[in-house]
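Please read the structure below before turning to the comments.
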Amino acid sequence: MVLCLTAAHTEALCVHSQQAYPEECCGVLLGHWVAGDGIVVEVVAMANVWGQGDLGDLAALGDRDGTDRRRNFALDPQAFLEIQRTARDRQQSILGIYHSHPDHPAVPSEFDRAIAWPEYHYLILAIDQGEKVTMKNWQLDDQGYFQPVPLHLANP
């Protein structure tokens with residue numbers, strides 16, 4: 001099982017994380033499942049809405065400062081629903097969610113684990129001082145813990 005991206009996808013992810021720095025960026029990976037592998041066809045950048053409006057129980061899982069987007073992220077539920085519809089209309093799937101960890105490693109936090117769904121890939125982009133970006137991909141195992149999943153850079 002791998003997650004396949006093109007150079008254009010990785011560039012879009014890097015640019016999004018650099019533009020959002022020092023806050024976390026977030027978005028969705030759309031594509032197809034082929035023999036258990038996720039083949040990304042589109043990277044959909046989304047706004048980090050952490051601290052905007054009522055996040056319900058989600059706020060209790062994040063850092064103490066409920067408005068700090070430097071250490072937390074949230075996808076707009078309405079926008080996420082629209083992306084689900086768009087993916088379905090295009091006969092695509094949501095393969096996963098990505099977000100950045102500004103000045104922190106690309107390792108899932110306890111918050112990341114608490115909000116994760118088992119079927120999705122979780123691509124984390126560690127961005128160092130707003131410039132250098134490294135990526136690691138994760139998926140929940142049957143016990144609810146993140147396990148690394150290889151990334152594959154495909155030709156466009």
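Bear in mind that the values in this text are calculations on the coordinates, not laboratory data. None of these values were measured; they are calculated from a predicted model.
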Amide H contacts under 5 Å for W50, placed H, 5+ residues apart: A74
For the chain, the longest principal axis of the Cα atoms and the Cα long axis of helix 77-89 enclose an angle in degrees, to the nearest 10, of 10
The orientation-averaged projected area of the Cα convex hull of the chain, in nm², is 8.9
Run the helix sum for the chain: -39,500 (n - 2.57) per DSSP H stretch of 4+ residues, divided by residue count, reported at 222 nm to the nearest 500 deg cm²/dmol. -7000 deg cm²/dmol
Helix 7-20 vs. the chain, principal-axis angle (Cα, 0 to 90°, nearest 10): 10
